[in-house]
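Please read the structure below before turning to the comments.
Bear in mind that the values in this text are calculations on the coordinates, not laboratory data. Note that the structure is predicted; figures quoted are calculated from it, not measured. Cβ placement follows ideal geometry from the backbone for every residue including glycine, while neighbour counts extend to all protein chains displayed.
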Amino acid sequence: MMRIFRWSLLRVPLAIALPVHAPAAQPSAVRIDTSPAETFRSMCIAHGARMDAVLEAARAAGFGPTATAPALPAGMTKVVALERGSGTARQVLVVSIGKSAVSKALAVEVPARGCSVTEVSGGWDVRTFAREWSGLSPQFDAEGTTLYSYFDRPDGNVVAPDEDLPRLIAGLNAGELRTLAAAERGGMRALSWVVFEAPPTPIALPTAAPSVPSHDADPFAPCRWENGDKSRATQRTLSCPDKAGKFRPSNVKGLTEETPALATSGDAAAMLRLAAFYANGPQVVRDAASAFAWSKKAADRGAPGGSFNTGLAYDDGIGVPTNKAEAAHWYRLASDRGHTPAMINLAALLLANSSADRAPDAVSAAALVRRAADAGSVDGLFDMGHLSESGTGVAKDMAEAQRWYRLAADRKDSRAMLRLGLIYADGLGGVAQDDAEGARWLVAGMTPSLRIAAALIGIEAAIYGLDNPKRRTELARAAPAEPAIALRLGIYLADPKTPGRDPAEALRLLRIAADAHIPLAAMRIGVMYAEGDGVPKNDIEAISWLRADPNLRTTASFQRITKFTDTPEP
């Protein structure tokens, strides 16, 4: 039985209405001559989601009113729905206008307009369309919905990071912020696009929000170096303030108090460590401009990692305006010096520009990925599996795809393990269906995540009293009304390291959490069925539960490298 679960750990910053339930309208006699993707392009995109223009074009194309008025999306003041076609060949167009909040950190709403297209039949590959049209990786992918939040710029879309408030506000004030959501519900597919207009009065950073730190006087501000405890008296630790202002160890590796002086004296490795610190370090110290500056200095000294970082900055608009041509230039410099992450990201740019599977850019991209794979890059191995499976730049060959995925899986790559699991579970590409092999690989791919969850819950055991039998009994009684408690207690009792573990009771509790749409619980149940732990071994049932992992929806995608390099490659 296939199950759809709610992924509640991620916050979706925008309220977007998706027409996932088709209106019960009288069938239109108009024959649909265009695909839903073309309808979305010609109606929503061509007219910038402007209601009057979209509705005029839609009526001219044969759309008529629906019999049931749609509900108003959150924050919207007006919504209009039209449809055409009949039965399973019906397209629904919904246009809305109003205001919407952008982030919990901003107590403001801005003018917004939305436009969505729903295909009632299940033939539209809406996820692939959204990924290729946006040119980005999704920020949210669960419960049948994939969400993209991005800045719309002339030289290419750029991810809009909700956690980077200064950058988000700048893009919002420029009128660049957009969201794109692809949804699957039963036999329906929907694509929804929201355009946020520039606010009438530019939004300023909230007074409580920290401004972008200056590192001219103190390279580590607002963090500070502190003496270690008595057992490590000679070791000093970099501590950074949390949201409450309390200083905590940052656990930044490779960085010392001498790093800034070394970087200033021309040490490229020190430059790269500072760049990575400002780009990927604790939130309070992040400074995109400083990250770019140190990366560029390292690049100018011939460091491949510096060239890669500079390319990544131009690629994603980190500290400089987005410029795909500049990104490709710097990636190529790093690639020519053997930097495998640069090969993969340059390949991603080439693939974004290729119009056909065997176009010259796609072939060049595949050659770059092959170089990275042959150099031992796990991302290169995984991406070669994807390219071989999809026939992009190379011949479509599932046997070859499996070979690359296995090489990546042998290097403990969970994405490759999950992909192999789906290939065997579904018998993809002519591969003989094998439930046992599918369950085995899916379990292997999910094991790292489940181990981390079990370790965290083990740390919480004292807080929740899970190690006390009497307290466990009390929590078990409360579990039906508290799925989060059921999850913690279920994982705790299922863990082989737990004294007096109880798989049968764990299964009962995990089912409560799974019924409340918590994917982690369903994944753990799947592992129990795969291993015959507390239940009879059942590979088919295991696969059904294991599919709750939202990562399964993206494991076939090309993987870019998205973090700055902090050490030079040989």
Notebook entry, point to check: What is region 338-411's relative contact order, in percent, from Cα pairs under 8 angstrom and six or more apart in sequence?
Noted result: 26 percent
Next item on the list: Any chance you could run the full-extension gain for Asp467 through Ala217? It's 0.36 nm times the residue separation minus the Cα-Cα distance, nm to one decimal.
Entry: 85.0 nm
Item checked: Farthest positive-ward along region 428-553 dipole, Cα basis, beta-carbon charges - from Pro503, Leu487, Ala461 -> Ala461
Margin query: Counting only helical runs of four or more DSSP H residues, what would the 222 nm mean residue ellipticity of the chain come to if each run contributes -39,500 (n - 2.57) and the total is spread over all its residues?
Written below: -13500 deg cm²/dmol
Margin query: Taking loop as defined by DSSP and a crowding limit of 12 other beta carbons within 10 Å, which trypsin sites (Lys or Arg not before Pro) in region 67-142 fit?
Written below: Lys104
Checklist line | Alpha-carbon Rg with Dmax, taken over region 428-553, Å | finding: 14.8, 54
Check: What is the fewest-to-most order of Val110, Val54, Val320 by other Cβ atoms lying within 10 Å of their Cβ?
Finding: Val320, Val110, Val54
Notebook entry, point to check: Using unit Cβ charges (K, R positive; D, E negative) and no other charged atoms, how large, in debye to the nearest 20, is the dipole of region 290-430 about its Cα centre?
Noted result: 320 debye
Check: What is the magnitude of the charge dipole of the chain about its Cα centre, with +1 placed on the Cβ of each Lys and Arg, -1 on the Cβ of each Asp and Glu, and no other charges, expressed in debye to the nearest 20?
Finding: 800 debye
Item checked: Taking the C-alpha atoms of region 304-399, convex hull volume expressed per residue in Å³ -> 83 Å³
Check: If each residue's Cβ is checked for other Cβ atoms within 10 Å, how do Met343, Met51 rank with the fewest at the top?
Finding: Met51, Met343
Notebook entry, point to check: Relative contact order for the chain using alpha-carbon pairs under 8 Å, separation at least 6, rounded to a whole percent?
Noted result: 10 percent
Notebook entry, point to check: Taking the Cα-to-Cβ direction at Asp336 and at Leu262 and moving 7 Å from each Cα, how far apart do the two end points lie in nm?
Noted result: 2.9 nm
Next item on the list: Go from 0 up to the bin containing the longest alpha carbon distance in region 36-196, width 10 Å each, and give me the % of pairs per bin.
Entry: 10, 39, 37, 12, 1
Notebook entry, point to check: So what is the relative contact order of region 210-312, in percent, for Cα pairs below 8 Å that sit 6 or more residues apart?
Noted result: 20 percent
Checklist line | Counted charge near Lys78, where neighbours are those whose Cβ lies closer than 14 Å (Asp, Glu -1; Lys, Arg +1) | finding: +2
Margin query: Distance cut-off 28 Å, Cα to Cα: go down the list Lys104/Lys246; Lys296/Lys412; Lys253/Lys412; Lys297/Lys563; Lys99/Lys246 and report the pairs above it.
Written below: Lys296/Lys412; Lys99/Lys246
Item checked: Highest-first arrangement of 403-410, 444-451, 495-502, where packing means the average Cβ count within 10 Å -> 403-410, 444-451, 495-502
Item checked: Estimated FRET transfer efficiency (Ala69, Ser449; beta-carbon r; R0 51 Å; 0.05) -> 0.75
Notebook entry, point to check: Suppose every K and R has +1 on its Cβ and every D and E has -1 on its Cβ; what is the size of the dipole of region 79-133 about the Cα centre, in Debye to the nearest 20?
Noted result: 140 debye
Next item on the list: Find, to one decimal place in angstroms, the Kirkwood hydrodynamic radius of region 386-493, where the mean of 1/r is taken over every pair of different Cα atoms and then inverted.
Entry: 16.3 Å
Note to self: Using 5 Å bins from zero, what percent of all Cα-Cα pairs in region 499-570 falls into each bin?
What the structure shows: 3, 15, 19, 18, 11, 9, 7, 7, 7, 4, 1
Notebook entry, point to check: What FRET efficiency, computed as 1/(1 + (r/R0)^6) with R0 = 41 Å and r the Cβ-Cβ distance, is obtained for Ala436 and Asp374, rounded to the nearest 0.05?
Noted result: 0.80
Check: How large is the convex hull of the Cα atoms of the chain per residue, expressed in Å³ as a whole number?
Finding: 182 Å³
Item checked: Cβ-based exposure ranking for Val431, Val94, in which fewest neighbours within 10 Å come first -> Val431, Val94
